[in-house]
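Report on the following structure.
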Amino acid sequence: MSALPGSMEGALTTGLDDSPVLPAPADLPPLTEQTRIEAREIIARYPVARSALLPMLHLVQSYQGYVSPEGVALCAEELGLTKAEVGAVATFYTMYKRRPTGRHLVSVCTNTLCAVLGGQRIMDALSADLGVHHDETSADGSITLEHAECLAACDYAPVVTVDYEFYDQQDVESARALVQALRRGDKPHPTRGAPLTDFRGVSRQLAGFSQHADEAAAAAAVDAPGEYGPTLAGLRLAAERGESAPEMQGPEQPPADAEEPRETVRPSGDTGETPGKEAADARVAAADNPAEEAGAAQSHPDKGAEYGRGRPAGGLDRSGTGTPAQSEPAGGYQGPGTGRTVEGRTPPKRKG
Ligand code: FES
């Protein structure tokens, strides 16, 4: 199978869309019996077979550099799913590639913080240097470039990742130099984390397999200790200045300026209404400003009937008979729109 997801043949195979894609590379390595053995090893890790689909898709990418129709078919066969079900998952997540990926995947964060600090300029410069746009691969097959949403490293902005390893606080020149090094075949050490591999290597890791030849190589690839300078900058400044955050107030310690807690509105059960409606009436009655009143009316079960009408000048007609709010009868407070008295409650104070 040589068709790509998205090509006409790929669409027939996988049920994916038919947007135009690059032709399949002639040297695409086939999936082998070893791939199937490893897929079954992944499946055996899970109590429910289909839970293995995500790492299996990474496994396919570790062999072929993307989720090929052949890979979709293998996953479907091994898991007893339809190709469309596998395709639906593969097209949902951006980490699953729908066309062959270059040796390295370079992701440039262009989300807000990185963008304002130069992320978009980096993306534009790399795009010009490589002659590609988002989700395209350079002609020499070395780099697939993509823009990424927030990479969860805003304190190190602008951030670039290569095969999901971080290169922090980049600018146009440093990012260009990084990509030139990658194209030469070098693997500059990431700012933090594990040493750089390549897209297929990291896909194998994501599938849950070691890509290292032996234990010594695996031990050498353990994440390097991080440098948390930018993350801890605020803490350091606060320590220098002797500042500290105010103590958190627990729910049992309301702030000193908090208003008196409101009386809890509990349905009495003697109005003949459902508890929900009685409570909603009481919430409208208890509102002490027009905004609260409108909010309570909006959530009332009779919204659109009694409460959906426009308010008469001079306040909400609480009696439903046009009686202004200021002229409520003595001896009890009439519930909103009911002409009934809400027992045990005093009319709400009105401001202004
Ligand atoms: S905005 Fe770029 S890492 Fe968060």
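I'd like to verify a number: residues in the range 141-179 that are acidic (Asp, Glu), touching a helix residue (DSSP H, G or I) at 6+ places or on another chain (Cβ under 7 Å) and away from the ligand (no atom under 16 Å from the Cβ), how many?
So the count comes out to 1.
Is it fair to say residue 77 is more than 24 Å from residue 197 (Cβ to Cβ), at pLDDT 95 or above and more than 16 Å from the ligand (Cβ to nearest atom)?
Details: more than 24 Å from residue 197 (Cβ to Cβ): yes; at pLDDT 95 or above: yes; more than 16 Å from the ligand (Cβ to nearest atom): yes.
Spelling it out, residue 77 is indeed more than 24 Å from residue 197 (Cβ to Cβ), at pLDDT 95 or above and more than 16 Å from the ligand (Cβ to nearest atom).
Can you report the number of residues in the range 94-110 which are surrounded by fewer than 18 Cβ atoms within 10 Å (Cβ to Cβ) and touching a helix residue (DSSP H, G or I) at 6+ places or on another chain (Cβ under 8 Å)? So that I can check it myself, show each step before the final result.
Of the range 94-110, the ones surrounded by fewer than 18 Cβ atoms within 10 Å (Cβ to Cβ) are 94-95.
From what's left, touching a helix residue (DSSP H, G or I) at 6+ places or on another chain (Cβ under 8 Å): 95.
Residues that pass the stated criteria total 1.
Could you list, in sequence order, the residues of the range 167-193 that are surrounded by 17 or more Cβ atoms within 10 Å (Cβ to Cβ) and of a type in the set (A, V, I, L, M, F, W, C)?
175, 178, 179, 182
Can residue 62 be described as within 16 Å of the ligand (Cβ to nearest atom) and among the small types (Gly, Ala, Ser)? Outline the logic, then answer.
On the way: within 16 Å of the ligand (Cβ to nearest atom): no; among the small types (Gly, Ala, Ser): yes.
Judged against the criteria, residue 62 is not a match.
Can you say whether residue 149 is of a type outside the set (Gly, Ala, Ser) and within 21 Å of residue 128 (Cα to Cα), as far as the supplied structure shows? Please lay out each step first, then the result.
Working: of a type outside the set (Gly, Ala, Ser): yes; within 21 Å of residue 128 (Cα to Cα): yes.
Considered against the rule, which asks whether it is of a type outside the set (Gly, Ala, Ser) and within 21 Å of residue 128 (Cα to Cα), residue 149 comes out as yes.
Can you find a residue that is in contact (Cβ under 8 Å) with a residue 24 or more places away in the chain, within 16 Å of the ligand (Cβ to nearest atom) and surrounded by fewer than 18 Cβ atoms within 10 Å (Cβ to Cβ) anywhere in the range 202-222?
No - not one qualifying residue is present in the range 202-222.
Yes or no: residue 133 closer than 15 Å to residue 107 by Cα and within 16 Å of the ligand (Cβ to nearest atom)? Steps first, please.
Working: closer than 15 Å to residue 107 by Cα: yes; within 16 Å of the ligand (Cβ to nearest atom): no.
The answer is no for residue 133.
Across the range 139-155, what is the total count of residues that are surrounded by 21 or more Cβ atoms within 10 Å (Cβ to Cβ) and hydroxyl-bearing (Ser, Thr, Tyr)?
Final tally of qualifying residues: 1.
Looking at the range 61-84, which of its residues are under 27 Å from the mean Cα position of the chain (by Cα) and either charged (D, E, K, R) or not assigned by TED's automatic domain parsing to the domain that holds residue 48 (or both)?
83
Is it the case that residue 127 is hydroxyl-bearing (Ser, Thr, Tyr) and either farther than 18 Å from residue 198 by Cβ or within 11 Å of the ligand (Cβ to nearest atom) (or both)?
Details: hydroxyl-bearing (Ser, Thr, Tyr): yes; either farther than 18 Å from residue 198 by Cβ or within 11 Å of the ligand (Cβ to nearest atom) (or both): yes.
It is true that residue 127 is hydroxyl-bearing (Ser, Thr, Tyr) and either farther than 18 Å from residue 198 by Cβ or within 11 Å of the ligand (Cβ to nearest atom) (or both).
The values are calculated or read from the model by the stated rules, or taken from the named source; none is laboratory data. Not measured: the values here are computed from a predicted model. All Cβ positions, even for glycine, are placed from backbone atoms using ideal geometry, and neighbour counts span all protein chains on display.
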